[in-house]
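Below is one structure, written out as structure tokens, with a few remarks after it.
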Amino acid sequence: MHFRSLTLALLVLSACGKKTPEAAPPPSTGGEGPATPGATPPPPPNPGTGVSTGGAGDESRRLLAVLQEPIHFDYDRDNIRPEDQAILDRKAPILLSNPNVRIKISGHADERGSDEYNLVLGNRRAASAKRYLESKGIDGSRIETISFGEERPVDNASTEEAWARNRRGEFEVLSGGDRLVPAR
């Protein structure tokens, strides 16, 4: 029995002492150009926003940021507050000028209230934002809505400030965000 324990201990120690060989770093070219003459460097990463990186890329990214800006709601309410009407008013001309853009509005609630109630409240909030955009001339078939209720808080604290941040509508560009043009 003692021999078996000693053998097991030696196996464990020998396994812990081995190092995995590290991968060799790529050869340095002394600059940022391609490693071999005539090779084309890979394009810069584009983190899944669907926005092209060209001369108009900065403007397109700015427009995308406007479309993605969230709105917030008062406790137990689904009406659009005046300050959030201004946010939606900035989205509308971009959507009108880019008829191929489709968005999804997700409604969220704070942790107070039952799961079922918060799902319904989140749905009412998303629908309220959709109706507002439709009133500005956006075709409702371009807007999906979903509710996450209290399932996806942005702040897990149980404070008034956290609850206010969690009572929101979020906007996701589903398609057409790769070639945004400014409002006309």
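The values are calculated or read from the model by the stated rules, or taken from the named source; none is laboratory data. Remember, it's a predicted structure, so these values are computed and weren't measured experimentally. Cβ: placed from backbone, ideal geometry, glycine included. Neighbour counts: every protein chain shown.
Condition test on Ser147, is it of a type in the set (S, T, N, Q) and in contact with a Ser or Thr (Cβ under 8 Å, 6 or more places away or on another chain)?
For Ser147, the condition - of a type in the set (S, T, N, Q) and in contact with a Ser or Thr (Cβ under 8 Å, 6 or more places away or on another chain) - is met.
Name the single residue that is surrounded by the fewest Cβ atoms within 10 Å (Cβ to Cβ) among those in the range 95-144 being charged (D, E, K, R), under 14 Å from Leu174 (Cα atoms) and in contact with a Ser or Thr (Cβ under 8 Å, 6 or more places away or on another chain).
Lys104
Could you list, in sequence order, all residues of the range 65-108 that are among the charged types (D, E, K, R) and in a strand (DSSP E or B)?
Across the range 65-108, the qualifying residues are Arg102, Lys104.
What residue, among those in the range 159-184 that are out of contact with any helix residue (DSSP H, G or I) (no Cβ under 6 Å at 6 or more places or on another chain) and assigned to a strand (DSSP E or B), is surrounded by the fewest Cβ atoms within 10 Å (Cβ to Cβ)?
That would be Ser175.
From Ala162, Ala157, Ala92, grab the single residue that is modelled with pLDDT of 95 or more and in contact with a Pro (Cβ under 8 Å, 6 or more places away or on another chain).
Only one candidate qualifies: Ala162.
Residue under question is Leu88, and the condition is that it be closer than 10 Å to Phe171 by Cβ, of a type in the set (A, V, I, L, M, F, W, C) and touching a helix residue (DSSP H, G or I) at 6+ places or on another chain (Cβ under 8 Å); does it hold?
Answer is yes for this residue.
With the structure loaded, tell me whether Lys130 is assigned to a helix (DSSP H, G or I) and either touching a residue at least 60 places away in the same chain (Cβ under 8 Å) or basic (Lys, Arg) (or both) or whether it fails that test.
When the stated conditions are applied, Lys130 passes them.
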